[in-house]
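J.: Dropping the structure in here first, questions after.
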Amino acid sequence: MDADFPAAHSMDSAWFAVDRDGHVAYFSTHEAGAMPEVGVAGDSAYELLDRLAAAGPPAGEVIYDPRGHEMPSGKPAGLAGLPLMAQEYPLLMFVSSLAPLQSDIEAGRATPVRATEGYAVVLPRLTAEQARRLQDSGVVRSWTFHFPREGDRADPPTMGLFEYGHLCENWISGPYGRERIPARPLHIDQLPPGLRQSLKEATLPDVSFAETVHIQPAEHWPCGSWEAAWLGLDGKARAFPGREADVEELRANFPDLNVEEP
């Protein structure tokens, strides 16, 4: 890799990995996630996703994971910890009880979806009245925008893929969270031999996607990123090779950040 180009991927990219169980996961970098320098990634990942969709595997149920929208410490990531307010966009909401949403569910203003723990609902929009009612009820654990791939079969969990998304904003390459789980996981042996070989280049022999909520790829492989440093599952920041000097600026901007010395 040319030293003048520290990023190994463009913003909003994707990559695949295989776990010890032979299951396959799809990872969305968004803008700041680290991406392995091995395996199927970038444009090839999008092409592979389309190939899997064209193969026509039976659509399976999707299970939403609230912990995949939180940092390993349990702190909400992104929008998950913000107060509710009126929204014109679809929302995915994790709640401890459906009781305050029952009238919305009966009227078709909310749709329950399967969750790994507690309850989850999708709301096509959120009115100010709903936001106040739900905020006052205290049942909301977290929420995020929800834009399903309607009319697009290339939806990873429906094809048996675990789905992880990068959790940090554009200041560091943080962990990925397991956002959605396939009810029927795809095994790599179900794929053609050529695809198997490419995917197995990024294998996590000590990780089971069914058991692992958070993954930091920089803990397993050499990675590229737009950012100068990556955040480990232990909460410590570490510089990417050759970016040590840039980490000093990061330390100045985030004085509470626990930076591991080279």
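J.: Whether any residue in region 85-100 is assigned to a helix (DSSP H, G or I), outside the structural domain of Glu201 (by TED's automatic domain parsing) and surrounded by 13 or more Cβ atoms within 10 Å (Cβ to Cβ) is what I want to check.
T.: Within region 85-100, the subset assigned to a helix (DSSP H, G or I) is 99-100.
Adding the requirement that they be outside the structural domain of Glu201 (by TED's automatic domain parsing) leaves 99-100.
If we keep only those that are surrounded by 13 or more Cβ atoms within 10 Å (Cβ to Cβ) too, we end up with 100.
Yes, that holds for at least one residue.
J.: In this structure, does Gly39 turn out to be in contact (Cβ under 8 Å) with a residue 24 or more places away in the chain and assigned to a helix (DSSP H, G or I)? I'd like the intermediate steps shown before the answer.
T.: Working: in contact (Cβ under 8 Å) with a residue 24 or more places away in the chain: yes; assigned to a helix (DSSP H, G or I): no.
No: the conditions fail for Gly39.
J.: Is region 160-170 home to any residue that is surrounded by fewer than 20 Cβ atoms within 10 Å (Cβ to Cβ) and either modelled with pLDDT under 95 or among the hydrophobic types (A, V, I, L, M, F, W, C) (or both)? Break it down stepwise before answering.
T.: Restricting attention to region 160-170, the residues satisfying the condition of being surrounded by fewer than 20 Cβ atoms within 10 Å (Cβ to Cβ) are 169-170.
Right, trim to either modelled with pLDDT under 95 or among the hydrophobic types (A, V, I, L, M, F, W, C) (or both) and you get 169-170.
Within region 160-170, one or more residues are surrounded by fewer than 20 Cβ atoms within 10 Å (Cβ to Cβ) and either modelled with pLDDT under 95 or among the hydrophobic types (A, V, I, L, M, F, W, C) (or both).
J.: If you scan region 125-137, which residues turn out to be over 15 Å from Leu82 (Cα atoms) and surrounded by 14 or more Cβ atoms within 10 Å (Cβ to Cβ)?
T.: Thr127, Gln130, Arg133, Ser137
J.: Moving on. I'm trying to understand the selection: among the residues of region 138-148, which are loosely packed, with under 14 Cβ neighbours inside 10 Å and either of a type in the set (A, V, I, L, M, F, W, C) or over 20 Å from the mean Cα position of the chain (by Cα) (or both)?
T.: Step one: of region 138-148, the residues loosely packed, with under 14 Cβ neighbours inside 10 Å are 138, 145, 147-148.
Result: Gly138, Phe145, Phe147.
Residues checked against (1) surrounded by 13 or more Cβ atoms within 10 Å (Cβ to Cβ); (2) without any contact (Cβ under 8 Å) to a residue 60 or more places away in the chain; (3) touching a His at 6+ places or on another chain (Cβ under 7 Å); (4) under 21 Å from Thr29 (Cα atoms):
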position	(1), (2), (3), (4)
Ser208	no, no, no, yes
Pro222	yes, no, no, yes
Trp230	yes, no, no, yes
Leu233	yes, no, yes, yes
Pro241	no, yes, no, yes
Ala245	no, yes, no, no
Glu248	no, yes, no, no
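J.: Do you know which residues across region 176-197 are exposed (fewer than 15 other Cβ atoms within 10 Å of the Cβ) and within 25 Å of His30 (Cα to Cα)?
T.: Ala183
Quick grid of which residues meet (1) at pLDDT 95 or above; (2) in contact with a Phe, Trp or Tyr (Cβ under 8 Å, 6 or more places away or on another chain):
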site	(1), (2)
Tyr119	yes, yes
Gly138	no, no
Arg141	no, yes
Pro148	no, no
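The values are calculated or read from the model by the stated rules, or taken from the named source; none is laboratory data. Owing to the predicted nature of the structure, the values given are computational and were not obtained by experimental measurement. Virtual Cβ from ideal backbone geometry, glycine too; neighbours counted across all protein chains shown.
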